[in-house]
Amino acid sequence: AIDRADIDARINLIGKYARHYPAHFDNVRARRGAEAEVKDLLKTVNPIAMNPKATHNELVQGFKVNGIARNLDVGSNTTTNADNFIRRALKLEPKNPETNYWFGVLLSEGGGMKEGIPYLQKAAKSKYNEAHLSLANAYLGLGKRPQAIAELRIYESLVPNDTRVPDMLDAVKQDKASIW
């Protein structure tokens, strides 16, 4: 039997560094460890998510692992798999905030900022706070700095203990390509 909680824990651990593109690691050894971990997760999660009867949660896990693998340039077909899995999950639960968030992330971080924003907004309106960060990133990518700052300020008010916000605000003010 597959331990879903263990898979989620492994995804969250790697996700601290490679949840968004570009991935950030303190050293090469940590990156190599994450690459090995995500390769192992791909072997476990992909066959489950590829099953036409996969559940919403199995599809979301498949998306997350393939998204991380894509961000690390590890594995084959990871972008296609991530896209397929999250689209199937969205069909199963179109109002699910997490699913809308991840679909918005997939679109916006793949260059479709305008297409991703409605999904990120839907997630944000459903109290999925992290959506405000991805909205900020999408607005930054579109050159809409005031909207990006506004989203970061909303997020900061909702999650006041997130120490990343000042650096993200600086990235927007300096017109960098990404807040990540």
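The values are calculated or read from the model by the stated rules, or taken from the named source; none is laboratory data. Source: prediction; values computed, not measured. Note: ideal-geometry Cβ built from the backbone for every residue, glycine included; neighbour counts use all protein chains shown. Quick note on the areas: whole protein, heavy atoms, side chains included, nothing else; ligands and nucleic acids left out. Shrake-Rupley method; radii C 1.70, N 1.55, O 1.52, S 1.80 Å.
Restricting attention to segment 95-117, does a residue exist that is outside any helix (DSSP H, G or I), open to solvent by 40 Å² or more (accessible area, probe 1.4 Å) and farther than 18 Å from K176 by Cα? Break it down stepwise before answering.
Let us first name the residues in segment 95-117 that are outside any helix (DSSP H, G or I), namely 95-96, 110-112.
Okay, now just the ones that are also open to solvent by 40 Å² or more (accessible area, probe 1.4 Å), so 95, 110-111.
Checking which are farther than 18 Å from K176 by Cα leaves us with 95.
So far as segment 95-117 goes, yes, one or more of its residues are outside any helix (DSSP H, G or I), open to solvent by 40 Å² or more (accessible area, probe 1.4 Å) and farther than 18 Å from K176 by Cα.
Quick one: is L120 under 18 Å from W180 (Cβ atoms), buried (at least 22 other Cβ atoms within 10 Å of the Cβ) and either of a type in the set (D, E) or in contact (Cβ under 8 Å) with a residue 40 or more places away in the chain (or both)?
It is false that L120 is under 18 Å from W180 (Cβ atoms), buried (at least 22 other Cβ atoms within 10 Å of the Cβ) and either of a type in the set (D, E) or in contact (Cβ under 8 Å) with a residue 40 or more places away in the chain (or both).
Got a sec? Which of N71, N81 is within 22 Å of E109 (Cα to Cα), modelled with pLDDT of 95 or more and either of a type in the set (V, I, T) or part of a helix (DSSP H, G or I) (or both)?
Sole residue among the options that is within 22 Å of E109 (Cα to Cα), modelled with pLDDT of 95 or more and either of a type in the set (V, I, T) or part of a helix (DSSP H, G or I) (or both): N81.
Within the bounds of segment 50-62, is there any residue that is assigned to a helix (DSSP H, G or I) and more than 19 Å from the chain's Cα centre (by Cα)?
Checking segment 50-62: at least one residue is assigned to a helix (DSSP H, G or I) and more than 19 Å from the chain's Cα centre (by Cα).
Among all residue pairs at least 6 apart or on different chains, which show Cβ distances below 8 Å where the first residue, located in segment 19-34, is over 25 Å from A131 (Cα atoms) and the second is assigned to a loop (DSSP other than H, G, I, E, B) and at pLDDT below 95?
Final answer for the pair search is R31/A23; R31/F25.
For segment 12-66: of the residues being open to solvent by 70 Å² or more (accessible area, probe 1.4 Å) and aromatic (F, W, Y), which is nearest to R164 (Cα to Cα)?
If we take residues in segment 12-66 being open to solvent by 70 Å² or more (accessible area, probe 1.4 Å) and aromatic (F, W, Y), then Y17 is nearest to R164 (Cα to Cα).
Please determine whether any residue of segment 32-42 is farther than 25 Å from G141 by Cβ, at pLDDT 95 or above, in a loop (DSSP other than H, G, I, E, B) and out of contact with any Lys or Arg (no Cβ under 6 Å at 6 or more places or on another chain).
Looking through segment 32-42, none of the residues is farther than 25 Å from G141 by Cβ, at pLDDT 95 or above, in a loop (DSSP other than H, G, I, E, B) and out of contact with any Lys or Arg (no Cβ under 6 Å at 6 or more places or on another chain).
Taking the conditions exactly as written (open to solvent by 10 Å² or more (accessible area, probe 1.4 Å) and within 22 Å of A5 (Cα to Cα)), does T79 satisfy them or not?
Details: open to solvent by 10 Å² or more (accessible area, probe 1.4 Å): yes; within 22 Å of A5 (Cα to Cα): no.
No: the conditions fail for T79.
Test A148 against the stated conditions and say whether it is farther than 15 Å from Q174 by Cα and in a helix (DSSP H, G or I).
On the way: farther than 15 Å from Q174 by Cα: no; in a helix (DSSP H, G or I): yes.
In short, no.
Can you name every residue in segment 119-145 that is more than 12 Å from P97 (Cα to Cα) and outside any loop (DSSP other than H, G, I, E, B)?
Residues of segment 119-145 more than 12 Å from P97 (Cα to Cα): 132-145.
The answer is H132, L133, S134, L135, A136, N137, A138, Y139, L140, G141, R145.
Is it true that D170 is on the phi < 0 side of the Ramachandran plot, without any contact (Cβ under 8 Å) to a residue 12 or more places away in the chain, acidic (D, E) and open to solvent by less than 40 Å² (accessible area, probe 1.4 Å)?
no
So which residues in segment 155-179 are in a loop (DSSP other than H, G, I, E, B), closer than 26 Å to K125 by Cβ and hydrophobic (A, V, I, L, M, F, W, C)?
V159, I179
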